[in-house]
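These notes concern the structure reproduced below.
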Amino acid sequence: NAGVTQTPKFQVLKTGQSMTLQCAQDMNHEYMSWYRQDPGMGLRLIHYSVGAGITDQGEVPNGYNVSRSTTEDFPLRLLSAAPSQTSVYFCASSNRGTHTGELFFGEGSRLTVL
Amino acid sequence: GIQVEQSPPDLILQEGANSTLRCNFSDSVNNLQWFHQNPWGQLINLFYIPSGTKQNGRLSATTVATERYSLLYISSSQTTDSGVYFCAVNTGFQKLVFGTGTRLLVSP
């Protein structure tokens, strides 16, 4: 079981560059989300999706775009990277089953913006 | 929005000691999860516990939803228990709000 897979694990960008963090899950989960974790803090929600074609903003959405064309994939796009976006990014998924709301996380993607 | 507070912020234990971590939340929630973030940064599910008590080996958790708190118990701690423990509450559509964590260091 692959679970939630994120790529890349590490990335260094220059200010103004764009990139996409990939997230894929093989558990047929309906819900997917992106969080960021800054030093000494818990995770904060960026964007989330309740199903293919449906996305919404979380707590800290500015500077990020998402789309959900398939159940499996939920990419996070940075259109013009800024140093404030230096962080560790986690993708998560969950199912609307007996354990509704139990989130499973990927291993994280560490992004540095210079 | 909902506030999630964890205590203590830092905890240092000798191997073999027991500990209790607390999570308070300011409003009703759909559910609550405990995670362990290991030194490599991986987030590991410990418990999905909207109410009641669950046990998994040396770890157990209790959530009293009516009083808006949850407790994580670690017994006979081991060095591999070191890391940061987060509680997170679900406010709908699997949107988790995280506490700031308890950093645990277990020394041999």
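The values are calculated or read from the model by the stated rules, or taken from the named source; none is laboratory data. Keep in mind it's a predicted model, so treat the numbers as computed, not measured. Using ideal geometry, Cβ is built from the backbone for each residue, glycine included, and neighbour counts are taken over all protein chains shown.
Here are the numbers:
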{"read-out": "Strands (runs of 3 or more DSSP E) lying entirely in region A:42-114 (those with 3 or more residues that are at pLDDT 95 or above)", "value": "A:64-66, A:76-78, A:87-94, A:109-113"}
{"read-out": "Output for region A:1-40, where each listed residue is under 23 Å from B:Asn90 (Cα atoms) and either of a type in the set (Phe, Trp, Tyr) or more than 15 Å from the chain's Cα centre (by Cα) (or both)", "value": "A:Asp26, A:Met27, A:Asn28, A:Tyr31, A:Trp34, A:Tyr35, A:Pro39, A:Gly40"}
{"read-out": "Residues that are surrounded by fewer than 18 Cβ atoms within 10 Å (Cβ to Cβ) and under 24 Å from B:Gly99 (Cβ atoms), drawn from region A:7-49", "value": "A:Asp38, A:Pro39, A:Gly40, A:Met41, A:Arg44"}
{"read-out": "Sole residue being within 10 Å of the chain's Cα centre (by Cα) and among the hydrophobic types (A, V, I, L, M, F, W, C), chosen from B:Leu21, B:Leu96, B:Leu105", "value": "B:Leu21"}
